[in-house]
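What follows is a set of notes on a single structure, which appears directly below.
Throughout, read-outs are computed from the coordinates displayed, never taken from laboratory work. Model, not experiment: these values are computed from the prediction. Glycine gets a Cβ as well: all are built from the backbone with ideal geometry, and neighbour counts include every protein chain shown.
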Amino acid sequence: MVELNPYDWIDRSLETIERANWYRSTQVIASLPGTEVAIDGRKLLNFGSNDYLGLAGDDRVIRAAMAATHQFGTGSTGSRLTSGHKQLHEDLEQAIARLKGTEAALVFSSGYLANLGTIAALASKRDLILSDRSNHSSLKNGALLSGATVIEYKHGDVDDLRQQLQVHRTSYRRCLIITDTVFSMDGDICPLPDILVLSIEYAAMLLLDEAHATGIFGTTGAGVVEHYNCGGKPLVEIGTLSKAIGSLGGYVAGSFSLINFLKNRCASWIYTTGLSPADTAAALTSIEIISTTPQLQQQLWANVADLKQLFIDRLPDLPLIPSASPIICLELPDAQTALTMGNKLKQAGIFAPAIRPPTVPTSRIRLSLMATHQRSQLEQLVDAIETIWG
Ligand SMILES: Cc1ncc(COP(=O)(O)O)c(C=O)c1O
């Protein structure tokens, strides 16, 4: 029997989502980005941002965005291959390539679009994609969009990846391994050196999402590739300009041929408007700051070490997910507990979002640190968790 209202199912679906405590909604942040944010008329300590270096609210970055807007307008007005290409885009692409130590780079409107389009351009029906089970949605959906056969290997498990390559590699024309380098909802990092060895052994392309690593890992902030000294290899390095870089947009860094190929074959770059002058100039200025101010990175890592030590000293039994990054997650038994914990933290003056399925398999509170957090703010966070945790 056909339903009379073809949209009724949407409300039923929403009811199911609410019953599972999976319902998500937005909240207004009414202040500049920073270690304190205004929510619902209250000032809260911010442990929920990806602005790891505090650059999204940096005066120099803001001024660069304003100057570019005055000079070039608010929009790029066209796709990069038609009327939307500016010298600013080229400058940013060169700055990214320099930071990453690659021949070239290409800037996208978002990191999501960079992953989606690049994966779909590099693999198709006759190919195999091996994907870490905990990869970000943009990698997973890029793999689906490509039409390739997709096999998920166990999270961070090199033995399982090797096994999949042994069994399946020869049945396919090309193979693409895709993985986040920093897993955004756990905080751990991928075993890159071992994955790289396997990719070479099995003649597989290797695509890395450095979204949460760029600006943070490696001596110059190039990412986990630099951290593990894996640069100079034929990699496809993807990332975002929206986290430590504090702007908006995404990028791919790699060889000249890779970038030229994407300019000709990557639909999510070709058929969309070029990044706005403001976002482009902001990202360019942030990268200059990152390259010339290693103290920012050092301060971030000092905060990570301090917070971990505070947890060890004061809350040794807190169920923290093992982390090697500024993302530290408190694992909780279910979605309702995570929501309650998030609300109690908010009442105590702390903003730290509850992350629930289907984003992650188990519910958690995700804490993310910034270089600009003060020691007293870390202590305030631990005080609040101690009081709530009991
Ligand atoms: C691992 C990862 N990749 C890609 C993205 C997408 O980047 P963007 O926000 O620039 O679309 C995100 C988060 O937003 C992410 O966490």
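Summary of computed values
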{"quantity": "Qualifying residue in region 311-319 (condition: crowded, with 18+ Cβ neighbours inside 10 Å and either among the aliphatic types (A, V, I, L, M) or outside any helix (DSSP H, G or I) (or both))", "calculated": "no"}
{"quantity": "Residue list for region 57-101, filter: of a type in the set (S, T, N, Q), in a loop (DSSP other than H, G, I, E, B) and out of contact with any Ser or Thr (no Cβ under 9 Å at 6 or more places or on another chain)", "calculated": "Thr82"}
{"quantity": "Wholly within region 158-233, helices (runs of 4 or more DSSP H) carrying at least 3 residues that are free of Cβ contacts under 8 Å to residues at least 60 places away in the same chain", "calculated": "158-168, 192-201"}
{"quantity": "Count - residues of region 272-296 that are outside any helix (DSSP H, G or I), in contact with a helix residue (DSSP H, G or I) (Cβ under 9 Å, 6 or more places away or on another chain) and surrounded by fewer than 24 Cβ atoms within 10 Å (Cβ to Cβ)", "calculated": "1"}
{"quantity": "Test: Thr179 is of a type in the set (Ser, Thr, Tyr), surrounded by 23 or more Cβ atoms within 10 Å (Cβ to Cβ) and within 11 Å of the ligand (Cβ to nearest atom)", "calculated": "yes"}
{"quantity": "Region 133-153, residues that are within 12 Å of Cys190 (Cβ to Cβ) and more than 16 Å from the ligand (Cβ to nearest atom)", "calculated": "Tyr153"}
{"quantity": "Residue within region 90-100 that is within 16 Å of the ligand (Cβ to nearest atom) and among the polar types (S, T, N, Q) present", "calculated": "no"}
